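Participant: Take a look at this one; I'll ask things after.
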Amino acid sequence: MTDTPPQSAFAALGLAPQLLSALSTLGYEEPTPIQREAIPLLLGGRDLLGQAATGTGKTAAFALPLLQRVASIEPKPNHPLALVLVPTRELAMQVAEAVHKYGKEQRVYVLPIYGGQSFGQQLRALDRGVSVVVATPGRALDHLERKTLVLDDLKVVVLDEADEMLDMGFAEDLEAILERTPKEKQTALFSATLPPRILDIAERVLSNPARISIERERPAEGELPRVKQVAYVVRRQQKAAALARVLDIETPTSAIVFCRTRIEVDELTEAMNAHGYRAEALHGGFSQDHRDRVMKRFRGEKADLLIATDVAARGLDIQHVSHVVNFDVPSEPESYVHRIGRTGRAGRDGVAITFVEPREHRLLRNIQRATGLTIEVATIPTVEDLRRQRLAVTKANLREALIAGELDSFRPVIEELSAESDPLDVAAAALKLFHEASRRESSARAEEEDLTVEFPQGRDSRGPRDFREGRGGFDRGPRGGGFERGPREGFDSGPREGFDSGPRDADRGPRDGDRGPRRDAPRRGRRPEWDTARLFVGVGRLDGLRPGDLVGAIANETGLPGHAIGAIEIADRFALVEVPAEVANTVIDALRGTKIRGRRPNVRFDRET
């Protein structure tokens, strides 16, 4: 058999020599399925609709043809030749870095633009002229409105992770951006899922597209990531104590803990630092410089735990993570798979831990059913388990000390004490002192609290709650999924807007996967006696939305009384509203079927940044 150079497999796709050289330097040997299918189509000038998840190699699939098309053209100031739109700043940096590496030999300049970065720095780079811009929709639109970004010369437009951009409320921004692109251009749209709204956009922005669908390649038997998956049943109020105990048992080298909200991230980071771990928080409320410093410390293994929201951690590539913890059960199976894929890399063993509240057992079953994964369900280790684990660690440390030797300087003390007491007692006393000195300090509450919880038995172990005045649950009305209407006087006029309505700022977060300032403290007044869910509603201040509109819509469509509706936060283009968790799906279905301020909104569970 004749040996062939590594890049020959890519050469068969029609790529230019400079790109093949760059791929060879980077160690790319074999194209992935999406690269094999997409690259020839894009090189041939076709528009493309691609269904592909993260990890399938789609960045190279669109970046290599894009570079081949624009490399020979000199860009004018502020007039890029290619535009890649992505949902988050982390993904913008990741894609821009990949494009830079691929196009290094062709001297193609690429610029990531996103909120949180210096606007002046972006202006100077655009003014010098760049071939490729990788942008979040909000910041791209800001530049367009300031006329510091002009799309008249675009040859290629790529929408990457289009479903995520729509989920994060960027539909209108995407429409506004695409309207300013030239009619004659090549467009590629990539999405992990293809719901009707994505297909609708594809029909409007793509011209006679080729369509490909690539599933994430499954490793061969024996090559599967070695990830142990376990779910611990725990009450919500005991989760922080449970996490501390589980981490004490597991002793991770480094771990990522995923939370739903920024407030949860901040509170849990403080709790874990108090427990003795070096924990760092990561969410959309921090400046980009701060986030970069956090990631530098975590990558440099100067922090034990990275506690983050899902979107803030998107796009991070960290090889040494030994444990991934879902502090809350992910609402979608795809999110679960994406999270646990951050451990067990490069042949290492990994552990994926999920905390499940008793009422969330159906969510866990849905994940197992959809993914085919086996997740062991367990109870939180007991205090006795923790003590046995610590003693085992102490014994292992003593064995290492015995093997290492160099004990001569300590023998006289042992000999002297052995003359006074039984040598076994002397050894036991030494072991006790060493054990107590080496153990990680933890709170007395975490040590002593009984955290054992069992899943409820049967299909419905607890009846639904009634949220009418003076009661603790809800009554399902005759309308099928609705509620028995409570008295109008039960409505609460207190929901408040949690967003500043100040002037649009280029660095503000809502458009760039960072939805802007949240309230820093819970809403005043009596805390609800039920668990709440936060919903994203795709209408906002610019549509004339007021808190009363949401309260009225929810009450009129579902019969849920106003006092059961929690905090309302209104931003320019969307709103967030808290409702009882047990009825959240019913509220979502009801609001999707009605109009608010003349619009039929996108309504879903909030994905906190």
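Each value in this text was obtained by applying a stated rule to the coordinates, not by laboratory testing. Quantities reported herein were computed from a predicted structural model and do not represent experimental measurements. Positions of Cβ are generated from backbone atoms using ideal geometry, with glycine treated the same way; all protein chains shown enter the neighbour counts.
Participant: Sort the following peptides by mean Cβ neighbour count (other Cβ atoms within 10 Å, averaged over residues), highest first: 120-129, 165-174. Numbers along the way, then the final one.
Facilitator: Numbers: 120-129: 14.7, 165-174: 21.9.
Most protected by this proxy first, the peptides run 165-174, 120-129.
Participant: Suppose the chain between Arg236 and Ala429 were pulled fully straight at 0.36 nm per residue; how much longer would it get relative to their current alpha carbon spacing?
Facilitator: Working: separation 193, 0.36 × 193 = 69.48 nm, distance 3.99 nm.
Stretched out fully, the Arg236 to Ala429 stretch lengthens by 65.5 nm.
Participant: Rounded if a/c is under 1.5, else prolate if a/b beats b/c, else oblate: with a ≥ b ≥ c from the C-alpha gyration tensor eigenvalues square-rooted, which is region 234-284?
Facilitator: Numbers: a/c = 1.69, a/b = 1.19, b/c = 1.42.
Oblate, because a/c is 1.5 or more while a/b does not exceed b/c.
Participant: Let me ask something else about it. List, largest first, the extents of the alpha carbons of region 100-177 along their principal axes, each in whole Å.
Facilitator: If we take the Cα atoms of region 100-177, the spans are 36, 26, 25 Å.
Participant: What is the packing order of peptides 183-195, 38-50, taking the mean over residues of other C-beta atoms within 10 Å and listing the highest first? Walk me through the intermediate numbers first.
Facilitator: Details: 183-195: 18.2, 38-50: 20.2.
Highest mean packing first, the order is 38-50, 183-195.
Participant: Within a 10 angstrom radius of the beta carbon, how do Lys101, Lys58 rank from fewest other beta carbons to most? Intermediate results must be reported in sequence, preceding the final value.
Facilitator: Values: Lys101 16, Lys58 25.
Exposure proxy ranking, most exposed first: Lys101, Lys58.
Participant: Measuring from label point to label point, each 7 Å out along Cα→Cβ, what is the Glu145 to Asn208 span in nm?
Facilitator: With each label placed 7 Å out from Cα toward Cβ, I get 3.8 nm.
Participant: Semi-axes, largest first, in whole Å: what does sqrt of 5 times each Cα gyration tensor eigenvalue give for region 44-178? Each step should come with its number before you reach the end.
Facilitator: Values: eigenvalues 78, 73, 38 Å².
The answer is 20, 19, 14 Å, longest axis first.
Participant: Projecting each Cα onto the charge dipole of region 226-382 (Lys/Arg +1, Asp/Glu -1 at the beta carbon, about the Cα centre), which of Ala274, Ile367, Val329 comes out farthest on the positive side?
Facilitator: Checking the options against the dipole of region 226-382, the answer is Ile367.
Participant: Report the full-extension gain for the segment Thr181 to Ala401: residue separation times 0.36 nm, less the Cα-Cα distance, to one decimal in nm. Working shown, then result.
Facilitator: On the way: separation 220, 0.36 × 220 = 79.20 nm, distance 6.84 nm.
Result for the pair: 72.4 nm of gain on full extension.
Participant: How far apart, in nm, are the 7 Å Cα→Cβ label points at Ser72 and Phe410?
Facilitator: 7.4 nm
Participant: Between Asp266 and Glu301, what's the calculated FRET efficiency when r is the beta-carbon distance and R0 is 22 Å? Round to 0.05. Each step should come with its number before you reach the end.
Facilitator: Numbers: r = 23 Å, r/R0 = 1.04.
For R0 = 22 Å, the calculated efficiency reads 0.45.
Participant: Hey, if you put +1 on the Cβ of every Lys and Arg and -1 on every Asp and Glu Cβ in region 26-123, which of Val108, Pro80, Gly44 ends up farthest toward the positive end of that dipole?
Facilitator: Checking the options against the dipole of region 26-123, the answer is Pro80.
Participant: Mind giving me the FRET efficiency for Lys228 and Glu384? R0 is 30 Å, r the Cβ-Cβ distance, nearest 0.05 is fine. Intermediate values should be presented prior to the final figure.
Facilitator: Working: r = 22 Å, r/R0 = 0.74.
It comes out at approximately 0.85.
Participant: Under 23 Å Cα to Cα from Lys228, which lysines show up? Leave out anything in the same chain fewer than 8 places away.
Facilitator: Of all the lysines, those that pass the test against Lys228 - Cα under 23 Å, at least 8 places apart if same chain - are Lys239.
Participant: For region 1-107, take the alpha-carbon Rg, divide it by the Kirkwood Rh, and send me Rg/Rh.
Facilitator: Using only Cα positions, Rg/Rh for region 1-107 is 0.96.
Participant: In what sequence do Glu360, Glu270 fall when counting other Cβ within 10 Å, fewest first? Can you show the working numbers first?
Facilitator: On the way: Glu360 20, Glu270 14.
Exposure proxy ranking, most exposed first: Glu270, Glu360.
Participant: Another question, then. Rounded to the nearest 0.05, what FRET efficiency do Ser24 and Ser118 have when you use their Cβ-Cβ distance and R0 = 41 Å?
Facilitator: On the way: r = 35 Å, r/R0 = 0.86.
Once the sixth-power term is evaluated, E becomes 0.70.
Participant: Highest first, please rank the peptides 254-264, 292-302 by the mean number of other Cβ atoms sitting within 10 Å of their residues. Kindly include the intermediate steps, with their values, before the conclusion.
Facilitator: On the way: 254-264: 21.8, 292-302: 14.5.
Listed from highest to lowest mean packing, they are 254-264, 292-302.
Participant: Given that compact globular proteins tend to follow 2.2 N^0.38 Å, what is the ratio of the alpha-carbon Rg of region 226-382 to that value?
Facilitator: With N residues counted in region 226-382, Rg over 2.2 N^0.38 Å equals 0.96.
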